[in-house]
Amino acid sequence: MKRKRPPIRFNKPYLTGKESYYMFQAIEMGKISGNGEFTQKCQQFFNKRYGFRHSLLTNSCTDALEMAAILLNIREGDEVIMPSFNFVSAANAFLMRGAKIRFADSLPDHPNIDPESVRTLINNRTKAIVLVHYAGVACDMDALQSMVEGTRIALVEDTAHGIEAGFKGKQLGSFGSLATFSFHETKNIISGEGGLLVVNDPELVGRSEIIWEKGTNRAAFFRGDTEKYEWVDIGSSFLPSELTASFLYAQLENIGLIQDKRCRIWELYREHLQPCSDKGCFDLPRIPDYASNNGHMFYLVCQDPETRNELIDYLVGKGIHAVFHYLPLHNSPFFHNRYEGKGLPNAERLSECLLRLPFYFELSEIDVAVVCEAVNQFFKERG
Ligand SMILES: *Cc1c(COP(=O)(O)O)cnc(C)c1O
């Protein structure tokens with residue numbers, strides 16, 4: 001009898017080995033609250049590697065999006081455009097500041113926001129566009145940037161999936177006035193929970209530090225830039241402790257290793273699945289010429305919802321944990337009664353037809369082959 005293979009889970013956080021060592025160092029140094037040595041080291045890492053003007057570690061990407069909404073002075077009556085095929089964080093962050101959320105559709109052949117759909121939603125109340133680079137694949141930044149040029153509309157990049165990914169060779173997160181990253185354990189680089197706010201607009205830098213530190217000028221005070229430490233604006237406790245930052249630093253030191261491995265896994269998936277896709281069984285992720293791949297996620301888009309759901313059940317039955325992704329926010333239990341726009345057919349189709357395959361650093365070549373064989377077998381059996 002064949003030995004039973006252990007199940008292949010969807011995600012497994014990868015530890016480089018140095019995380020606990022750096023956490024212990026932070027403890028030994030006797031400084032474990034925020035904005036210490038490891039926080040500075042991480043922030044410098046991002047500024048140096050990606051040429052960001054100003055980076056602030058946060059407790060999550062959600063935190064960074066909330067900071068973005070405060071920094072952009074969002075208030076009642078302002079409108080903010082974002083994709084419906086999206087995580088809830090950006091919608092919550094801007095809604096909590098009183099914004100009206102206008103949901104845009106995805107492209108017909110990609111989960112990224114459709115610039116044409118954005119164009120139809122822009123009016124004189126539009127304050128920001130919050131885009132997502134889905135699966136780390138760049139949105140068409142030329143189209144989106146030209147749309148806001150000469151207007152007062154801010155571009156915010158939710159780059160939660162997009163570390164080490166670029167548009168025309170430039171790192172994602174360097175195009176918007178603001179950009180956010182996530183180090184949640186499901187992302188490429190992790191710290192349990194964790195995030196980053198990137199401030200590219202020089203006019204927003206000073207205030208970003210204040211909002212980060214509960215509305216006080218504490219960061220400037222500790223640098224010796226001001227004599228008093230006072231309440232000067234609104235804010236919250238957005239900064240993570242040094243325990244989180246020290247963990248993150250170990251990951252960042254190994255970013256090359258992590259990325260090489262993830263990109264190899266992605267390429268292997270593509271090779272194994274291309275023939276079945278060529279026969280029309282499903283669509284593989286499309287990567288436009290202007291975008292580079294960062295091995296964040298591997299997904300298929302099935303021809304119809306029934307096939308997608310049956311494929312998930314089939315894989316789960318074989319101990320392979322494949323999952324669906326976003327449910328469109330405009331149709332969500334919380335929002336559908338508030339939604340006044342049109343149907344968003346591409347977002348709706350993706351939520352029903354997209355399937356994500358197991359993806360993590362320690363996924364072996366054999367695991368990838370097993371997953372792909374099961375996918376291919378499913379379509380063979382269906383004929
Ligand atoms: C993961 C994710 C978030 C939330 O990140 P947290 O760090 O968990 O707050 C936001 N937006 C997108 C697109 C994400 O994938």
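The values are calculated or read from the model by the stated rules, or taken from the named source; none is laboratory data. Computed from a predicted model, the values in this text were never measured in an experiment. All Cβ positions, even for glycine, are placed from backbone atoms using ideal geometry, and neighbour counts span all protein chains on display. The protein model used for the area step is the full one, side chains on, heavy atoms only, and it has no ligands, DNA or RNA in it. Shrake-Rupley method; radii C 1.70, N 1.55, O 1.52, S 1.80 Å.
Sort out which residues of segment 352-373 are within 27 Å of Glu185 (Cα to Cα), open to solvent by 10 Å² or more (accessible area, probe 1.4 Å) and in a helix (DSSP H, G or I), and write them in order of number.
Glu352, Glu365, Ile366, Asp367, Ala369, Val370
Examine segment 88-96 for a residue that is in contact (Cβ under 8 Å) with a residue 40 or more places away in the chain, surrounded by fewer than 24 Cβ atoms within 10 Å (Cβ to Cβ) and of a type in the set (Val, Ile, Thr), and state whether such a residue exists.
The answer is yes, given that some residue of segment 88-96 is in contact (Cβ under 8 Å) with a residue 40 or more places away in the chain, surrounded by fewer than 24 Cβ atoms within 10 Å (Cβ to Cβ) and of a type in the set (Val, Ile, Thr).
Condition check: part of a helix (DSSP H, G or I), more than 16 Å from the ligand (Cβ to nearest atom) and among the hydrophobic types (A, V, I, L, M, F, W, C). Does Ala245 satisfy that?
When the stated conditions are applied, Ala245 does not pass them.
Looking at Ala135, Ala90, Ala68 in this structure, which one is outside any strand (DSSP E or B), within 13 Å of Leu178 (Cβ to Cβ), within 10 Å of the ligand (Cβ to nearest atom) and modelled with pLDDT of 95 or more?
The match here is Ala90.
Could you list all residues from segment 269-303 that are within 25 Å of Ile190 (Cα to Cα) and small (Gly, Ala, Ser)?
Answer for segment 269-303, where residues must be within 25 Å of Ile190 (Cα to Cα) and small (Gly, Ala, Ser): Ala291, Ser292, Gly295.
Can Met141 be described as among the aliphatic types (A, V, I, L, M), open to solvent by 10 Å² or more (accessible area, probe 1.4 Å), out of contact with any Leu (no Cβ under 7 Å at 6 or more places or on another chain) and more than 10 Å from the ligand (Cβ to nearest atom)?
No, not satisfied.
Among Gly235, Gly256, which is assigned to a loop (DSSP other than H, G, I, E, B) and at pLDDT 95 or above?
After applying the criteria, what remains is Gly235.
Looking only at segment 167-195, which residues are away from the ligand (no atom under 16 Å from the Cβ), of a type in the set (S, T, N, Q) and part of a loop (DSSP other than H, G, I, E, B)?
Ser174, Ser177
Quick check, is Glu116 of a type outside the set (A, V, I, L, M, F, W, C), within 12 Å of the ligand (Cβ to nearest atom) and either at negative phi or part of a strand (DSSP E or B) (or both)?
Here the answer is no, as Glu116 does not meet what is asked.
Among the residues of segment 202-229, which ones are open to solvent by 70 Å² or more (accessible area, probe 1.4 Å) and assigned to a loop (DSSP other than H, G, I, E, B)?
Within segment 202-229, Lys214, Asp225, Glu227, Lys228, Tyr229 meet the criteria.
Given Glu164, Glu157, which one is under 23 Å from Glu76 (Cα atoms) and within 16 Å of the ligand (Cβ to nearest atom)?
So the residue among Glu164, Glu157 that is under 23 Å from Glu76 (Cα atoms) and within 16 Å of the ligand (Cβ to nearest atom) is Glu157.
Looking only at segment 164-187, filter to residues that are of a type in the set (S, T, N, Q) and open to solvent by 10 Å² or more (accessible area, probe 1.4 Å); which one of those is nearest to Arg9 (Cα to Cα)?
The selected residue is Thr186.
Hey, could you check segment 298-334 for residues that are touching a Ser or Thr at 6+ places or on another chain (Cβ under 9 Å), in a loop (DSSP other than H, G, I, E, B) and among the hydrophobic types (A, V, I, L, M, F, W, C) and say which is nearest to Leu354 (Cα to Cα)?
Filtering segment 298-334 for residues that are touching a Ser or Thr at 6+ places or on another chain (Cβ under 9 Å), in a loop (DSSP other than H, G, I, E, B) and among the hydrophobic types (A, V, I, L, M, F, W, C), the one nearest to Leu354 (Cα to Cα) comes out as Phe324.
For segment 24-42, does any single residue satisfy the condition of being open to solvent by less than 20 Å² (accessible area, probe 1.4 Å), at pLDDT 95 or above and closer than 25 Å to Leu131 by Cβ?
yes
Taking into account only those residues within segment 230-251 that are over 16 Å from Glu193 (Cβ atoms) and out of contact with any Asp or Glu (no Cβ under 9 Å at 6 or more places or on another chain), which is least open to solvent (accessible area, probe 1.4 Å)?
Taking the candidates together, the pick is Asp233.
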